[in-house]
1. Quantify, in whole percent, the carbon and sulfur part of the accessible surface of segment 54-137 (1.4 Å probe; protein heavy atoms only).
2. How would 127, 90, 119 line up by accessible area, probe 1.4 Å, largest first?
3. Give me the one-decimal Kirkwood hydrodynamic radius in Å for segment 29-75, with the sum taken over alpha-carbon pairs.
4. Taking the solvent-accessible surface of protein heavy atoms with a 1.4 Å probe, what is the per residue accessible area of segment 168-226 in Å²?
5. Would you work out the charge dipole size for segment 31-137 about its Cα centre, treating the Cβ of every Lys and Arg as +1 and the Cβ of every Asp and Glu as -1, and quote it to the nearest 20 debye?
6. Send over the per residue convex hull volume for segment 96-221, Cα only, as a whole number of Å³.
Amino acid sequence: VSSWSSDSSIDTDYSFAREHLADMESARFGRFLTPVLVETLRLDTDLDWWIDPLADNDQMAGFMLVGWARDARDREWVTSSRLNEWIRLFESLYSGIQTAARYRLTVSAIDDALFGFAFMPDRGRRFHFITDQIELLTGYLPTELMRLGEGGVDWMRDVVHPEDAPLVRAHHQTILDGHESRVTYRIRHGDGSTRWLQEHATPRAEPSGLLAVNGILSDVSEQKDRKSTRLNSSHQIIS
(Lines give C-alpha, C1' and ligand atoms only; values in the text may rest on other atoms or scores of the structure.)
Protein backbone atom coordinates (compact mmCIF):
# COMPACT_ATOMS: atom_id res chain seq x y z
CA VAL A 1 0.00 0.00 0.00
CA SER A 2 1.45 3.36 -0.98
CA SER A 3 0.93 6.88 0.34
CA TRP A 4 1.62 10.32 -1.09
CA SER A 5 2.02 13.92 -0.01
CA SER A 6 -0.94 16.26 0.08
CA ASP A 7 0.09 18.12 -3.08
CA SER A 8 0.25 14.96 -5.20
CA SER A 9 -2.43 14.00 -7.71
CA ILE A 10 -2.09 10.22 -7.18
CA ASP A 11 -5.41 8.58 -6.38
CA THR A 12 -5.93 4.81 -6.65
CA ASP A 13 -7.86 2.15 -4.75
CA TYR A 14 -4.61 1.00 -3.11
CA SER A 15 -3.15 4.29 -1.93
CA PHE A 16 -4.15 7.20 0.26
CA ALA A 17 -3.20 10.72 1.23
CA ARG A 18 -0.37 10.66 3.76
CA GLU A 19 -2.03 13.34 5.88
CA HIS A 20 -4.62 10.77 7.02
CA LEU A 21 -1.97 8.61 8.67
CA ALA A 22 0.83 11.06 9.43
CA ASP A 23 0.77 10.33 13.15
CA MET A 24 0.96 6.59 12.56
CA GLU A 25 3.85 7.02 10.12
CA SER A 26 5.83 9.03 12.68
CA ALA A 27 5.07 6.61 15.52
CA ARG A 28 5.91 3.54 13.42
CA PHE A 29 3.27 1.57 15.30
CA GLY A 30 0.23 -0.16 13.85
CA ARG A 31 -3.36 0.13 14.99
CA PHE A 32 -6.90 -1.00 14.28
CA LEU A 33 -8.57 1.19 11.69
CA THR A 34 -11.56 3.23 12.81
CA PRO A 35 -14.75 3.05 10.73
CA VAL A 36 -14.03 6.60 9.51
CA LEU A 37 -10.60 5.61 8.16
CA VAL A 38 -12.03 2.42 6.63
CA GLU A 39 -14.41 4.62 4.67
CA THR A 40 -11.70 7.16 3.84
CA LEU A 41 -9.36 4.50 2.48
CA ARG A 42 -12.21 2.87 0.52
CA LEU A 43 -11.76 -0.50 2.21
CA ASP A 44 -14.33 -3.27 2.62
CA THR A 45 -16.55 -2.14 5.48
CA ASP A 46 -17.57 -5.74 6.24
CA LEU A 47 -14.04 -6.52 7.46
CA ASP A 48 -12.02 -5.51 10.48
CA TRP A 49 -8.72 -3.88 9.52
CA TRP A 50 -5.27 -3.45 10.98
CA ILE A 51 -2.75 -1.08 9.35
CA ASP A 52 0.96 -0.92 10.13
CA PRO A 53 3.77 1.27 8.70
CA LEU A 54 6.66 -0.59 7.04
CA ALA A 55 10.27 0.55 6.97
CA ASP A 56 13.18 -0.40 4.72
CA ASN A 57 16.61 0.55 6.12
CA ASP A 58 14.88 2.94 8.54
CA GLN A 59 13.05 4.69 5.69
CA MET A 60 9.30 4.57 5.24
CA ALA A 61 8.44 2.03 2.53
CA GLY A 62 4.64 1.96 2.81
CA PHE A 63 1.92 0.36 4.92
CA MET A 64 0.76 -3.19 5.49
CA LEU A 65 -3.00 -3.78 5.65
CA VAL A 66 -4.48 -6.88 7.27
CA GLY A 67 -8.19 -7.55 7.07
CA TRP A 68 -10.35 -10.36 8.45
CA ALA A 69 -14.03 -11.26 8.60
CA ARG A 70 -15.82 -9.98 11.66
CA ASP A 71 -17.49 -13.33 12.22
CA ALA A 72 -14.17 -15.24 12.27
CA ARG A 73 -14.49 -18.03 14.83
CA ASP A 74 -10.95 -17.84 16.21
CA ARG A 75 -10.30 -14.26 17.33
CA GLU A 76 -7.56 -14.95 19.92
CA TRP A 77 -4.83 -13.90 17.50
CA VAL A 78 -6.39 -10.46 16.92
CA THR A 79 -4.32 -8.49 19.44
CA SER A 80 -2.12 -5.44 18.98
CA SER A 81 0.99 -7.22 20.22
CA ARG A 82 0.44 -10.27 17.99
CA LEU A 83 -0.32 -8.21 14.89
CA ASN A 84 2.70 -5.96 15.45
CA GLU A 85 4.88 -9.03 15.94
CA TRP A 86 3.75 -10.47 12.60
CA ILE A 87 4.21 -7.18 10.77
CA ARG A 88 7.73 -6.71 12.17
CA LEU A 89 8.59 -10.19 10.89
CA PHE A 90 7.22 -9.29 7.47
CA GLU A 91 9.15 -6.00 7.61
CA SER A 92 12.41 -7.88 8.23
CA LEU A 93 11.72 -10.20 5.30
CA TYR A 94 10.77 -7.28 3.06
CA SER A 95 13.92 -5.35 3.97
CA GLY A 96 16.04 -8.45 3.33
CA ILE A 97 14.47 -8.95 -0.10
CA GLN A 98 15.06 -5.30 -1.01
CA THR A 99 18.68 -5.47 0.17
CA ALA A 100 19.26 -8.61 -1.89
CA ALA A 101 17.73 -6.96 -4.96
CA ARG A 102 19.95 -3.90 -4.58
CA TYR A 103 22.97 -6.16 -4.10
CA ARG A 104 22.22 -8.15 -7.27
CA LEU A 105 21.79 -4.93 -9.23
CA THR A 106 25.13 -3.60 -7.98
CA VAL A 107 26.99 -6.85 -8.60
CA SER A 108 25.60 -7.20 -12.13
CA ALA A 109 27.08 -3.81 -13.04
CA ILE A 110 30.71 -4.72 -12.28
CA ASP A 111 33.18 -6.84 -14.25
CA ASP A 112 34.89 -8.38 -11.24
CA ALA A 113 33.81 -11.63 -9.60
CA LEU A 114 33.00 -11.88 -5.90
CA PHE A 115 33.60 -15.15 -4.08
CA GLY A 116 33.49 -16.92 -0.76
CA PHE A 117 35.24 -20.14 0.16
CA ALA A 118 36.47 -22.29 3.03
CA PHE A 119 39.67 -24.31 3.10
CA MET A 120 39.61 -28.05 2.54
CA PRO A 121 41.82 -30.32 4.71
CA ASP A 122 44.43 -30.27 1.90
CA ARG A 123 44.23 -26.44 1.89
CA GLY A 124 42.39 -26.45 -1.38
CA ARG A 125 39.30 -24.29 -1.87
CA ARG A 126 35.68 -25.20 -1.36
CA PHE A 127 33.70 -22.35 -2.90
CA HIS A 128 30.26 -21.72 -1.44
CA PHE A 129 29.60 -18.47 -3.28
CA ILE A 130 30.75 -17.06 -6.66
CA THR A 131 29.08 -14.42 -8.81
CA ASP A 132 28.33 -15.07 -12.47
CA GLN A 133 31.24 -12.92 -13.70
CA ILE A 134 33.55 -15.84 -12.89
CA GLU A 135 32.55 -17.49 -16.16
CA LEU A 136 34.00 -14.60 -18.18
CA LEU A 137 37.15 -14.54 -16.05
CA THR A 138 37.87 -18.27 -16.04
CA GLY A 139 35.63 -19.95 -18.60
CA TYR A 140 33.93 -22.02 -15.89
CA LEU A 141 30.43 -21.71 -14.45
CA PRO A 142 29.97 -20.95 -10.74
CA THR A 143 28.25 -24.33 -10.33
CA GLU A 144 31.30 -26.12 -11.78
CA LEU A 145 33.65 -24.41 -9.34
CA MET A 146 31.38 -25.03 -6.35
CA ARG A 147 30.74 -28.68 -7.20
CA LEU A 148 32.88 -31.28 -5.46
CA GLY A 149 33.82 -34.60 -7.06
CA GLU A 150 32.77 -35.69 -10.54
CA GLY A 151 31.92 -32.79 -12.82
CA GLY A 152 33.54 -30.27 -10.51
CA VAL A 153 36.48 -27.98 -11.30
CA ASP A 154 39.24 -27.77 -8.69
CA TRP A 155 40.70 -24.26 -8.40
CA MET A 156 44.26 -25.27 -7.57
CA ARG A 157 44.45 -28.29 -9.87
CA ASP A 158 42.43 -27.16 -12.88
CA VAL A 159 42.50 -23.34 -12.87
CA VAL A 160 45.71 -21.98 -11.31
CA HIS A 161 48.70 -22.12 -13.66
CA PRO A 162 51.13 -24.80 -12.33
CA GLU A 163 54.05 -22.37 -12.32
CA ASP A 164 52.11 -19.95 -10.09
CA ALA A 165 50.75 -22.58 -7.70
CA PRO A 166 53.49 -21.87 -5.07
CA LEU A 167 52.52 -18.18 -5.17
CA VAL A 168 48.86 -19.01 -4.53
CA ARG A 169 49.77 -21.44 -1.73
CA ALA A 170 51.77 -18.69 -0.02
CA HIS A 171 48.70 -16.46 -0.43
CA HIS A 172 46.61 -19.16 1.26
CA GLN A 173 49.05 -19.33 4.17
CA THR A 174 48.80 -15.58 4.74
CA ILE A 175 45.01 -15.94 4.88
CA LEU A 176 45.24 -18.91 7.26
CA ASP A 177 47.44 -16.77 9.51
CA GLY A 178 44.50 -14.39 9.81
CA HIS A 179 45.62 -11.63 7.43
CA GLU A 180 44.04 -10.26 4.29
CA SER A 181 46.12 -10.88 1.20
CA ARG A 182 46.42 -9.64 -2.36
CA VAL A 183 48.09 -11.61 -5.13
CA THR A 184 48.34 -11.61 -8.94
CA TYR A 185 48.75 -14.93 -10.73
CA ARG A 186 48.13 -16.75 -13.99
CA ILE A 187 45.26 -19.13 -14.65
CA ARG A 188 44.44 -21.57 -17.40
CA HIS A 189 41.19 -20.30 -18.89
CA GLY A 190 38.59 -22.83 -19.96
CA ASP A 191 39.19 -21.88 -23.61
CA GLY A 192 42.83 -22.91 -23.33
CA SER A 193 44.33 -19.42 -23.05
CA THR A 194 46.39 -18.05 -20.18
CA ARG A 195 44.96 -15.12 -18.21
CA TRP A 196 46.16 -13.00 -15.31
CA LEU A 197 43.93 -12.56 -12.27
CA GLN A 198 44.36 -10.26 -9.30
CA GLU A 199 42.81 -11.59 -6.11
CA HIS A 200 42.09 -9.73 -2.90
CA ALA A 201 40.92 -12.02 -0.09
CA THR A 202 39.96 -11.41 3.52
CA PRO A 203 39.55 -14.11 6.21
CA ARG A 204 36.74 -14.08 8.73
CA ALA A 205 36.37 -16.36 11.75
CA GLU A 206 32.89 -17.90 11.90
CA PRO A 207 31.11 -18.52 15.24
CA SER A 208 31.60 -22.24 14.54
CA GLY A 209 35.37 -21.73 14.61
CA LEU A 210 35.81 -22.28 10.88
CA LEU A 211 37.65 -19.77 8.73
CA ALA A 212 35.60 -18.23 5.92
CA VAL A 213 37.27 -16.29 3.13
CA ASN A 214 35.60 -13.60 1.03
CA GLY A 215 37.13 -11.61 -1.78
CA ILE A 216 37.17 -10.26 -5.28
CA LEU A 217 38.82 -11.41 -8.52
CA SER A 218 39.77 -9.06 -11.36
CA ASP A 219 41.14 -9.82 -14.82
CA VAL A 220 44.39 -7.85 -15.22
CA SER A 221 45.57 -9.55 -18.42
CA GLU A 222 45.44 -6.34 -20.46
CA GLN A 223 47.52 -4.44 -17.90
CA LYS A 224 50.07 -7.26 -17.87
CA ASP A 225 50.21 -7.31 -21.67
CA ARG A 226 50.75 -3.53 -21.86
CA LYS A 227 53.50 -3.70 -19.27
CA SER A 228 55.19 -6.54 -21.13
CA THR A 229 55.00 -4.59 -24.40
CA ARG A 230 56.60 -1.51 -22.79
CA LEU A 231 59.41 -3.59 -21.33
CA ASN A 232 60.11 -5.25 -24.68
CA SER A 233 60.18 -1.85 -26.42
CA SER A 234 62.59 -0.46 -23.82
CA HIS A 235 64.81 -3.50 -24.21
CA GLN A 236 64.97 -3.05 -28.00
CA ILE A 237 65.91 0.66 -27.65
CA ILE A 238 68.67 -0.13 -25.18
CA SER A 239 69.99 -2.89 -27.41
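The values are calculated or read from the model by the stated rules, or taken from the named source; none is laboratory data. Fair warning: this is a prediction, and the values are worked out from it, not measured in the lab. Cβ atoms come from the backbone with ideal geometry, glycine included; neighbour counts cover every protein chain shown. These accessible areas exclude ligands, DNA and RNA; they are computed on the full protein's heavy atoms, side chains included. Shrake-Rupley method; radii C 1.70, N 1.55, O 1.52, S 1.80 Å.
1. Taking all protein chains in place, segment 54-137 shows 55 percent carbon and sulfur surface.
2. Most to least solvent-accessible, the answer reads 90, 119, 127.
3. 11.7
4. Result: 55 Å² per residue.
5. 280
6. Once divided by residue count, the hull of segment 96-221 is 120 Å³.
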